[in-house]
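The values are calculated or read from the model by the stated rules, or taken from the named source; none is laboratory data. Quick caveat: nothing in here was measured; it's all calculated off a predicted structure. Cβ sites come from the backbone with ideal geometry, for glycine too, and all protein chains shown count toward neighbours. Surface areas here come from the heavy atoms of the whole protein model, side chains and all, with no ligands, DNA or RNA. Shrake-Rupley method; radii C 1.70, N 1.55, O 1.52, S 1.80 Å.
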Amino acid sequence: MEIRQLEYFVAVVEDGNFTRAAARVHVTQPGVSAQIRRLERELGYELLDRSGRTVRPTAVGEALLPYARAALAAVRDARLAVDQVAGLLRGQVNVGMVTVVASLDVPDMLARFQAAHPAVEVSLRQGSTDDLVEALRDGELHMAFLGMAVEPPAFLRTAVVRADPLVAVLRADDEYGGRESLFLKELAARQLITLPSESGTRRLLDLSLVAAGVDTPIAFSASDPQVLVDMAARGFGVAILPRGAVRSPGDEVRLVPFRDPDLHGRIYLAWPDDRTIDPAAQAVIQHALDRIQDGDEVLPEADAPPGTGGAPGTSGPPGGTSGPPGTSRASGTDGPDSA
């Protein structure tokens, strides 16, 4: 029995497909199949049910699976222990970033880290906060930048990167374009456009419209903030977006902040609080926290609503059960709320 055979077996079980598993372990599909067949011959039992569209473990395969995962974890931990003694930093770190906050300069942050630690492979995945929270829960991501209007779920440890107020994006010649600020209720007669219903911005906006006594329906939604900015520039409607999502508004639109209280979300750096983080992931988290602490913002300056402040001072990421000063375990019970 070889470690690679166990690795291929676990990959096929988790992906439910030989082709996807082969791509995951960077081996040809026939190579993966041959090694698993060899493992089955050695054990004397079939480990996988190949009869359906999705490959599933047999009863024997189910019994082997936790031991295979434990063996792979032990090998990974042994390598990490050797690397730590040797002063090396290497591995794979998977980072998530909420799609709507395009102005987060996460690529630059990761590029700087990778230049200092070329043996660490860093990947960046974009998506909604709901998707990224699920990926953090499942162990697919080590850390993520999330845009949320409510407290993050309890299994995450977080640091606030920036308060991100919502703004009205108006055509330059709009009657409100010269205003310094406005109330949400002043847009009651206007056509509103914003992010999709599964986004935290939309959820926050829907609640705020109800609180303001505005029953104006959302006329149009899009997941790309720039599409909404372009439509506002053409007079299609008033786009309501997080300020950080509008990177270069241009001369065709005006951004007007709201005077309504609590009409803002927050950008969080989040990582799981319920498992040990390997050294490479710890180093990337620390790199991000250092930039926040030093004022080298990953998000451009934005006016935070009263009482929110800026990014908190933070220090090292958790090595197990404790996190850096200035970070917190989320206590909200509302679940993930995507930006």
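In order along segment 186-191, the phi-based Karplus estimate (6.51 cos²θ - 1.76 cosθ + 1.60, θ = phi - 60°) of 3J(HN,Hα) comes to 5, 9, 4, 9, 9, 7 Hz; Gly and Pro are listed as x.
Distance between the modelled labels on residue 172 and residue 124, one decimal in nanometres: 3.0 nm (7 Å Cα→Cβ projection). Assuming charge only on the beta carbon of Lys and Arg (+1) and of Asp and Glu (-1), the dipole of segment 223-265 about its Cα centre is about 80 debye to the nearest 20. Between residue 1 and residue 45, residue separation times 0.36 nm minus the direct Cα-Cα distance comes to 14.5 nm.
In terms of modelled amide H atoms, which long-range or inter-chain residues lie less than 5 Å from the amide H of residue 191? Under 5 Å from the amide H of residue 191: 238.
Surface exposure of segment 101-217, expressed per residue as accessible area with a 1.4 Å probe, stands at 42 Å².
Charges only on Cβ, +1 for Lys and Arg, -1 for Asp and Glu: so what's the dipole of segment 94-243 about the Cα centre, in debye to the nearest 20?
In total the dipole reaches around 220 debye.
Summarising the label geometry, the points placed 7 Å from Cα in the beta-carbon direction at residue 71 and residue 259 lie 6.9 nm from one another. For segment 206-221, the Karplus equation 6.51 cos²θ - 1.76 cosθ + 1.60, evaluated at θ = phi - 60°, returns couplings of 4, 5, 5, 5, 5, 4, 8, x, 9, 10, 5, x, 6, 7, 7, 9 Hz by residue, with Gly and Pro reported as x.
What a 1.4 Å probe finds exposed on segment 1-92 is 54% carbon and sulfur by accessible area, rounded to a whole percent. Within the accessible area of segment 157-220, the carbon and sulfur atoms contribute 50%, probe 1.4 Å, all protein chains present. Full extension of the chain between residue 14 and residue 90 yields a length gain of 24.9 nm, computed as 0.36 nm times the residue separation minus the alpha carbon distance. The 3J(HN,Hα) values that the Karplus relation (6.51, -1.76, 1.60; θ = phi - 60°) gives for segment 245-258 are, in residue order, 7, 9, 6, 10, x, x, 7, 7, 10, 10, 9, 10, x, 9 Hz. Gly and Pro appear as x. Between the amide H of residue 125 and those of 95, 96, 97, distances stay under 5 Å, these residues lying 5 or more places away or on another chain, with hydrogens modeled in the peptide plane.
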